[in-house]
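Working notes for the structure below.
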Amino acid sequence: MKLIFAAPSYGPVDAQAIKSQRVAIMHAANNGIMWDGDASPERMKFDVARNAVAKAACESEADAVFWCDSDIILPAWAVTRLASYGKDFVTGIYFQRVKPHWPLIAQFTGKSFNWMIQWEKDILAPIDGCGFGCVLPSIPMLRAIA
């Protein structure tokens, strides 16, 4: 699998997050994942940055793009595990910075999205919505929705 890395930054970056992301990239590389470049825009508004990453990814020859906000601290195995599922779209569970610190995964009730506060550990589970701070969408899926 060949990935593009993208960690848009919108201001000061968290040194611990950057270090953890580098460790996760190295872990993935040591587990057979090839890296096709970095599409990390700097100092752009969220929507502009996300569109810039999607455009760069769609123009690449990579299989997927690992999208990670610049303040997300990753476990070393994060990229490797997400890529191992082979799905068109997969997210890691991470939490909002402000209280009540909900995990940014949700299920749709028919009327609204409800943040999930309980889930089974270490399984791949269907969700209806998520934040975009730690996701791995496939390039074919991005091209299809472009």
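The values are calculated or read from the model by the stated rules, or taken from the named source; none is laboratory data. As the structure is a computational prediction, the values presented were derived from the model and not from experiment. All Cβ positions, glycine included, derive from the backbone under ideal geometry; neighbour counts span all protein chains shown. The accessibility values were calculated without ligands, DNA or RNA, using every heavy atom of the protein model including side chains. Shrake-Rupley method; radii C 1.70, N 1.55, O 1.52, S 1.80 Å.
Restricting the search to region 85-120, which residues are open to solvent by 60 Å² or more (accessible area, probe 1.4 Å) and among the aromatic types (Phe, Trp, Tyr)? Once the filter is applied, which keeps residues that are open to solvent by 60 Å² or more (accessible area, probe 1.4 Å) and among the aromatic types (Phe, Trp, Tyr), region 85-120 yields TYR85, PHE89, PHE95, TRP102, PHE108, PHE113, TRP115, TRP119.
Beta carbons closer than 6 Å, at least 6 apart along the sequence or on distinct chains, pair a first residue in region 1-20 that is more than 17 Å from ARG43 (Cβ to Cβ) with a second that is open to solvent by less than 40 Å² (accessible area, probe 1.4 Å) and not in a loop (DSSP other than H, G, I, E, B) for MET1/ALA83; LEU3/ALA64; LEU3/PHE66; ILE4/GLY37; ILE4/ALA57; ILE4/VAL65; PHE5/PHE66.
Residue-by-condition table, conditions (1) of a type in the set (D, E, K, R); (2) within 25 Å of ARG143 (Cα to Cα); (3) assigned to a helix (DSSP H, G or I):
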{"site": "ALA24", "(1), (2), (3)": "no, no, yes"}
{"site": "GLY37", "(1), (2), (3)": "no, yes, no"}
{"site": "ALA57", "(1), (2), (3)": "no, yes, yes"}
{"site": "PRO100", "(1), (2), (3)": "no, no, no"}
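So which of LEU136, LEU82, LEU74, LEU124 ends up being assigned to a loop (DSSP other than H, G, I, E, B), of a type outside the set (Gly, Ala, Ser) and crowded, with 19+ Cβ neighbours inside 10 Å? Going through LEU136, LEU82, LEU74, LEU124 in turn, just one is assigned to a loop (DSSP other than H, G, I, E, B), of a type outside the set (Gly, Ala, Ser) and crowded, with 19+ Cβ neighbours inside 10 Å: LEU74.
Please indicate, with yes or no, whether at least one residue in region 63-70 is among the polar types (S, T, N, Q), farther than 14 Å from LYS2 by Cα, open to solvent by 60 Å² or more (accessible area, probe 1.4 Å) and under 15 Å from the mean Cα position of the chain (by Cα). Checking region 63-70: not a single residue is among the polar types (S, T, N, Q), farther than 14 Å from LYS2 by Cα, open to solvent by 60 Å² or more (accessible area, probe 1.4 Å) and under 15 Å from the mean Cα position of the chain (by Cα).
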